[in-house]
Amino acid sequence: MIDLLFGPFIEFGFMRRALVGCLALSLSAPPVGVFLMLRRMSLMSDAMSHAILPGAAVGFLVAGLSLPAMTLGGLAAGLAVALMAGFVTRSTVIKEDASLAAFYLISLAGGVLLVSLRGSQIDLLHILFGSVLALDDPALWLLGGIATVTLFGLAAIYRPLVMECVDPLFLRTVSRAGGPVHYAFLGLVVMNLVGGFQALGTLLAVGLMLLPAIAARFWASDLSGLIPVSMLIAMLSSVIGLDVSYRADVPTGPAIVLAAGGLYLISMLVGRRGGLVHRLFRARHLEA
Amino acid sequence: MSREPTGAIVLRGLTLGYDRHPAVHHLDGTIPPGALLALVGPNGAGKSTLLKGIVGEIPCLEGRIERSGLADAIAYLPQAAEIDRSFPLSVLDLVAMGLWRRLGPWRSARPHRPLLREALAAVGLGGFEGRLIGTLSGGQFQRALFARLIVQDARVLLLDEPFTGIDGRTTADLIALVRTWHGQGRTIVAALHDLAQVRSHFPQTLLLAREAVAWGATERVLTPHNLTRAQNLSEAWDEDAAVCARHGGAEGPVTAIGHDHAQHDHPHAPDDAAHDHGHAA
């Protein structure tokens, strides 16, 4: 069993590096995804992952396949879209999803245009599907750094963030923290998507963020349970996905996300809280 | 928990509204410290808008609200619909939100546990600490929000239709709580629809229909004549309303572009005998 699951990681250095990178991402992205899910902003991360593309493309055009350049570009584009969408939401009648959709579409179209100007199809595929099996030292440092900043950042804004989710009006009447907290959270989302796009590619960066968070909903009822369970599911998905991708010789990014998707389906079926099987065989109700 | 009342809330030529159309129109008056004031009026009369204005949630179109020394001492209970009850939060954590001004984002709420439990017990929710807010009934949830108000320990409490959709027993319990707060010298302003409730528990009333129809002692405000007048004042926005010509003279240069008028021939001062602005405490 151990050998079946961990054999490739023991044998090959590049598999170990991939595992470390994915585990780092598994610590940082799922908690962010939990908050996105609870704020009904799940699809927002999908939009944001597209918004990152033009920045990464500019980085690619300037410096070729360079991690720092593409990361910086992605961060800049993502933060710009998040800030502009947040600004429009807070100062006009447009709701958050609509303003985000507007900006991410502009950003995505720009990105596709930029990539097609210079890059070939192969380059585009590389951006879309990631390069988790070729993680070098700087990439690992980046993923580790993102995980560290995310966990400390979430800890720092945890209380006002929860209040902003549950009762934003109340938070506004007692404090001015609402706006900054919202932007800080969007910043964390963007940062994790950029990290995910290193490991999994832009198209699938959202996978490790959302699927474990949604799956966790079937196992835990409150935040103190949702966050660790989602991390656990993400780590499991990483190990299974990497293993399968190595043995079956399939692309790593999709394999990891499909593993997370499989765990989600299993959770949906047998999860303790509202899973389908538990709905079918309901426990007898209590006296009071 | 009682405090020495100091500040009053003074409204001067206050106009609040949305998109230049006034929802509260040229309102003048003083809410003295320790007042127990009911805010009455038909739907669309501007009750919620006035409360939002006082708490600073929406900006003044014209005029101003003076709340010297009260900026951080106002607690506001909005209509419950604005809270996301599907969020997996425990009742204890919801009530603990009331500690924000004392704890900020980082200090531990653990030392305040007894206070939180006391507040929950005071609203009849002892033993509900660990329940998720989504599992509470409407009345229980409103009780939890009142517990949060207790924890906030504010000098001014603004309650927006706190008893709408709440059964008789819960309402009675919560009104008792409001009267306790009144006894502690806190200022309470509540938007209400049940006139019997207002008559039996609220000594002061502001009858609002965008403008103050009457403001003063409840029995002199809630006359059939005043109520009919409030009902008759138009609720609809007039898209082609003219820009209001009535600007506060003492306010200095008029910087705003002015707001629209719904009625062109409104009386320029409420002509009612009960217009004593609630100075009788």
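The values are calculated or read from the model by the stated rules, or taken from the named source; none is laboratory data. What you see is a predicted model; the values in this text were computed from it and never measured. Glycine also receives a Cβ, built like all others from the backbone with ideal geometry; neighbour counts cover every protein chain displayed. Protein only, heavy atoms only, side chains kept; ligands, DNA and RNA dropped before computing areas. Shrake-Rupley method; radii C 1.70, N 1.55, O 1.52, S 1.80 Å.
Values as computed for the structure displayed
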read-out: Packing rank of B:63-75, A:230-242, where each peptide gets the mean count of other beta carbons within 10 Å, highest leading; value: A:230-242, B:63-75
read-out: Segment A:2-272: relative contact order as a whole-number percent, Cα under 8 Å and 6+ apart; value: 28 percent
read-out: Karplus 3J(HN,Hα) series, Hz, for segment B:103-120 with 6.51 cos²θ - 1.76 cosθ + 1.60 (x for Gly, Pro); value: 9, x, x, 10, 5, 6, 8, 4, x, 8, 3, x, 4, 5, 5, 4, 4, 5
read-out: Three principal axis lengths of segment A:1-120 [C-alpha, angstrom, descending]; value: 57, 40, 19
read-out: Relative contact order computed over segment B:33-180 (Cα-Cα under 8 Å; 6+ residues apart), in percent; value: 32 percent
read-out: Peptide A:160-172 - average C-beta neighbours from other chains (10 Å radius); value: 6
read-out: Three semi-axes of the equivalent ellipsoid, the protein assembly as shown, Cα gyration tensor, whole Å, largest first; value: 54, 29, 19
read-out: Equivalent ellipsoid, segment A:59-106 (semi-axes from 5 times Cα gyration tensor eigenvalues, Å); value: 28, 9, 6
read-out: Difference of contour (0.36 nm per residue) and Cα-Cα distance, B:A172 to B:H193; value: 6.0 nm
read-out: Qualifying chymotrypsin sites (Phe, Trp or Tyr not before Pro) for segment A:196-288 [loop in DSSP, other Cβ within 10 Å: at most 16]; value: A:F281
read-out: Inter-chain Cβ neighbour average for residues B:49-57, partner chain, 10 Å; value: 1
read-out: Rounded to whole Å, sorted largest first: equivalent-ellipsoid semi-axes of segment A:2-272, Cα gyration tensor; value: 29, 25, 15
read-out: Amide H within-cut-off set for B:L77, under 5 Å, with H built and near neighbours excluded; value: B:L158, B:L159, B:D160
read-out: Contour excess over end-to-end distance, with Cα ends at A:R176 and A:L280 and 0.36 nm allotted per residue; value: 32.8 nm
read-out: In sequence order, calculated HN-Hα J values of segment A:48-57 (Karplus, 6.51, -1.76, 1.60; Hz; x Gly/Pro); value: 4, 5, 6, 5, 6, 3, x, x, 4, 5
read-out: Accessible area in the full protein assembly, largest first, 1.4 Å probe, for B:H21, A:H50; value: A:H50, B:H21
read-out: Probe 1.4 Å, all protein chains present, accessible-area order of A:V149, A:V229, A:V166, largest first; value: A:V149, A:V229, A:V166
read-out: Projected label distance in nm at B:S200 and A:F152, using a 7 Å step from Cα toward the beta-carbon; value: 6.0 nm
read-out: Amide H within-cut-off set for B:A214, under 5 Å, with H built and near neighbours excluded; value: B:L207
read-out: Overall Cα dimensions of segment B:20-176, principal axis frame, Å, largest first; value: 47, 35, 29
read-out: Computed E for A:A248/A:S91 - FRET, C-beta separation, R0 51 angstrom, nearest 0.05; value: 0.50
read-out: Accessible-area order (highest first, 1.4 angstrom probe) of the listed residues A:M37, A:M209; value: A:M37, A:M209
read-out: Rounded FRET efficiency, nearest 0.05, which uses the C-beta distance separating B:R131 from B:R20 and R0 of 56 Å; value: 0.80
read-out: Calculated FRET efficiency for the pair A:L269/B:T164, C-beta based, R₀ 35 Å, to 0.05; value: 0.25
read-out: Note, ³J(HN,Hα) from phi for segment A:217-223, Karplus 6.51, -1.76, 1.60, rounded to Hz, x at Gly and Pro; value: 4, 7, 10, 10, 9, 10, 4
read-out: Chymotrypsin sites (Phe, Trp or Tyr not before Pro) within segment B:12-116, DSSP loop, no more than 11 other Cβ atoms inside 10 Å; value: B:W106
